[in-house]
Amino acid sequence: MRAKRKPVVILACHVMQSLIQPHLPDAEVPIIYMDYGLHIRPQKMAPTLQAQLDALPEPSLVLIGYGLCGNGLAGLKAGPHTLVIPRADDCIAILLGSYQVYVEAFQAEPGTYYLTKGWLESGSDPLKEYRAYVNQFGLQKADMLIDMMYHRYQRLCFVAHTQADLDEYRPQAMEVAQFCAQRWGMTYHERIGSDGLIRRLLEAPHQKEKLGEDFVVVPPGGTVEQKMFIRM
């Protein structure tokens, strides 16, 4: 007798919504979008996602729309579920469409800070962080903190999912870019990302044996570990 196929659940960062929605394999697939802010505090990511996994009513195949993200996924326990996760250091590789494209971009322009719609909406960008530091610590300490975080970057690249997103969010991205240019001399660039990696993630239920090195598969009883994402 053939084993019963596990139900599929998608658990993803909200920044992935516009990439995922056009390709949902089934209108009945439950999908849980998590707040952007988990990226700001990676130490809260695994416990927050764990609560969602533990609340699932039956053993499931869970497609995780995150990268390792500042080691935020480390320690996440599969429990009775099977987890499929893009093998990426962070969401930038996912938004660009593949780890290979991410590596090529990094090698071509290693001093790039990537800005996305999600960062703009969550308030996680150099300008908003600087303003928050000024309010919290005062001007002198804010200058020290923000320079320590961003002074090594030479360029800012705004990655959008679609041309519509690029046009809509360009004014906000330009405001951040002007701040970065004035403070650190960063140049401003734009590019359209790709949904290639997300499409492959959504197809995982039908090709688990063909996922290859671009995905981490954590079986029931397993735990997400940093070493799973390291490529030799």
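Where a number appears in this text, it was derived from the coordinates with a stated rule and is not lab data. From a predicted model like this one, the values you see are computed outputs, not experimental measurements. Virtual Cβ from ideal backbone geometry, glycine too; neighbours counted across all protein chains shown.
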Would you calculate the separation in nanometres between label points at Asp167 and Phe106, each defined as 7 Å from the Cα along the Cα-to-beta-carbon direction?
3.4
Could you please report the charge total around Gly193, scoring K, R as +1 and D, E as -1 over all other residues with beta-carbon less than 11 angstrom from its beta-carbon?
-1
Counting Lys and Arg as +1 and Asp and Glu as -1, each charge on the Cβ, what is the dipole of the chain about the Cα centre in debye, to the nearest 20?
540
Of the options Cys91, Leu127, Gln50, report the single residue whose Cα projects farthest towards the positive end of the charge dipole of the chain (beta-carbon charges: Lys, Arg +1; Asp, Glu -1).
Gln50
Residue order, fewest to most surrounding Cβ atoms within 10 angstrom, among Ile20, Ile32, Ile198:
Ile32, Ile20, Ile198
If you place +1 on the Cβ of every Lys and Arg, -1 on the Cβ of every Asp and Glu, and leave all else neutral, what size is the dipole of region 99-192 about its Cα centre, to the nearest 20 Debye?
260
Once you keep just the Cα pairs under 8 angstrom separated by 6 or more residues, what percentage relative contact order results for the chain?
26
Each residue of region 182-190 in turn: what ³J(HN,Hα) in whole Hz from Karplus with 6.51, -1.76, 1.60 and θ = phi - 60°, glycine and Pro shown as x?
5, 8, 10, x, 5, 8, 10, 9, 9
Estimated distance in nm for a label pair at Ser124 and Arg183, the labels positioned 7 Å out from Cα along Cα-to-Cβ
1.7
Exposed trypsin sites (Lys or Arg not before Pro) absent: longest stretch of the chain, with sites in DSSP loops and at most 11 other Cβ within 10 Å deemed exposed
6-151
Structure shown: which of Lys128/Lys227; Lys77/Lys128; Lys77/Lys141; Lys117/Lys227; Lys6/Lys44 lie over 31 Å apart, alpha-carbon to alpha-carbon?
Lys128/Lys227; Lys77/Lys128; Lys77/Lys141
Between Met149 and Ala132, what length in nm is gained on full extension when 0.36 nm per residue of separation is reduced by their alpha carbon distance?
4.7 nm
Summed residue charge, Cβ within 14 Å of Gln163's Cβ, Lys/Arg positive, Asp/Glu negative:
-2
Arranged by the count of other C-beta atoms within 10 angstrom, fewest first, what order do Asp195, Asp90, Asp147 take?
Asp147, Asp90, Asp195
